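The next block holds one structure in the form of structure tokens; read it before the comments.
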Amino acid sequence: MKGILVLIVSLSAFVSKAQMNSDVYDTVSYHHEIGLNGLGDYGATSIRNGVTNRFVLGGMITNEIKDASLSRHGGVNRFGLNAGGNVYYRNGQTHIFKKKNWGYEIAAGTNYFGGVLYTRDMFGLAMYGNQNYTGDTMLMSGMNINFTAMQKIGFGLFDPVSKSSARLNFYNISSRLSGSFRDLEIIQSEDGYEMEVVMDGEFEMAQSSNFNQGFGVGVDLDFRIPIGWINEHEAQIQFKAENIGFGYMYEAQKRYSFDTTISFQGFSFDDLIGENSFFGDSINILDTLGIRSEDVKSGFVLPGYIQVGKMIDQNADYNLQSFFGIRIYPTLIFSPFAYAGIDYRFSQHIHAGASVSYGGFSGLRVGAYGQFNWEQIGFGIGSDNFSGFMRAGGNGTSLYLRAVCRF
């Protein structure tokens, strides 16, 4: 698992559509445009980087590090990952429709999105084991987990002047995991000899490591709308949606459904969550425990998002601008994400900015970025969680890259 996380973050940094809070509005029309974008972002409401970094990069997680994260946990907590890369080509010279000045675009990319909604006791169990909970009840109801790895290729139309666009995508689903625990409690006796588990929910996972396990269809939309702004200026409001659609797993997934109370006596805790636990058919006690196991082929909503916000206007005749907006994913693990910031143009070719945001996988975050634009080449680098690079007490790390060539 460590190797997979390192690979995802590395690829997103070097293969690098980034999810920078605000895009730049530019009405200059080009015949051709090739772009690379990438994003690596993980965040948490409660887990400190001191824990997360050691899972990703290796190292010892001391009791001091675990205690520091546990003290920040409340009743409901989040942890999530969003990483990927995208390459696209736009042709503004060839018009698909004779009476419309629309060009076409082709894009391909990959995305890894997932996370977990969990309780304080779940973190305590994962970090310390069950020894701290003898004679007590571990409350983990409401836990939700999902993860999707997918690749896409798409074709669409765009306006070479405003850069508004619409694209139809086809997806390969290479991995998917989902689980919902409406009720989950573990009750231990004082001596730890007896244990009772109350469960109600379901858990679904792949049965193989095949690259192609499902497919999907979705759209990417990007519409820019001019509105009147302060001091008779004009502002651009962007409506943006990515990966909005549905997927279907045609390779059978293993689904476990449970609505049961299980009592154990003299039962090792590893028998419950270890590699030979009941989440596997290696021991034939599922029916006895009231856990139903079946192979299913299911549909699901792709992990896409909708964002509405004020853009940065490259054509403005003033140097200091504001940007702000809100982003929503249709999943419990990602809360509504709001952001606001300022952008300053130092010269015709260089501008930079800073932002504050709240929501998503974590809480309050501070970001910074730099953008460099020449006539034919552009490059940008930044982070929505800049403080995460600076301290082990941060709640995540974010990095996005952009590169574009126009001719």
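The values are calculated or read from the model by the stated rules, or taken from the named source; none is laboratory data. Only a predicted model underlies this, so the values are computations on that prediction, with no experimental measurement involved. Using ideal geometry, Cβ is built from the backbone for each residue, glycine included, and neighbour counts are taken over all protein chains shown.
Tabulated values for the structure
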| read-out | value |
| --- | --- |
| Selected residue (only one of Gln314, Gln238, Gln253 is at pLDDT 90 or above and within 24 Å of Val28 (Cα to Cα)) | Gln238 |
| Selected residue (criterion: surrounded by the most Cβ atoms within 10 Å (Cβ to Cβ)) from residues of region 350-407 that are of a type in the set (Ser, Thr, Tyr) and either touching a helix residue (DSSP H, G or I) at 6+ places or on another chain (Cβ under 6 Å) or not in a strand (DSSP E or B) (or both) | Ser362 |
| Enumeration of residues in region 168-191 that are of a type in the set (Gly, Ala, Ser) and surrounded by 14 or more Cβ atoms within 10 Å (Cβ to Cβ) | Ser174, Ser175, Ser178, Gly179, Ser180 |
| The listed residue being closer than 30 Å to Tyr171 by Cα, among the polar types (S, T, N, Q), in a loop (DSSP other than H, G, I, E, B) and out of contact with any Asp or Glu (no Cβ under 9 Å at 6 or more places or on another chain), out of Thr110, Thr94 | Thr94 |
| Filter pass, Phe181 being of a type in the set (Phe, Trp, Tyr), modelled with pLDDT of 95 or more and in a strand (DSSP E or B) | no |
| Boolean, Asp136 is acidic (Asp, Glu), touching a strand residue (DSSP E or B) at 6+ places or on another chain (Cβ under 8 Å) and surrounded by 18 or more Cβ atoms within 10 Å (Cβ to Cβ) | no |
| Cβ pairs under 8 Å, 6+ apart, first in region 230-241 and closer than 23 Å to Ala166 by Cβ and of a type outside the set (D, E, K, R), second in a helix (DSSP H, G or I) and at pLDDT 95 or above | none |
| Residue within region 200-214 that is aromatic (Phe, Trp, Tyr) and at pLDDT 95 or above present | no |
| Sole residue being among the aliphatic types (A, V, I, L, M) and over 30 Å from Thr94 (Cβ atoms), chosen from Leu177, Leu221, Leu168 | Leu177 |
| Residue count, region 141-178 (criterion: over 25 Å from Asn82 (Cβ atoms) and part of a strand (DSSP E or B)) | 1 |
| Criterion (among the hydrophobic types (A, V, I, L, M, F, W, C), outside any loop (DSSP other than H, G, I, E, B) and either out of contact with any strand residue (DSSP E or B) (no Cβ under 8 Å at 6 or more places or on another chain) or buried (at least 20 other Cβ atoms within 10 Å of the Cβ) (or both)) met by exactly one of Phe300, Phe337 | Phe337 |
| Enumeration of residues in region 27-84 that are in a loop (DSSP other than H, G, I, E, B), buried (at least 19 other Cβ atoms within 10 Å of the Cβ) and charged (D, E, K, R) | Arg48 |
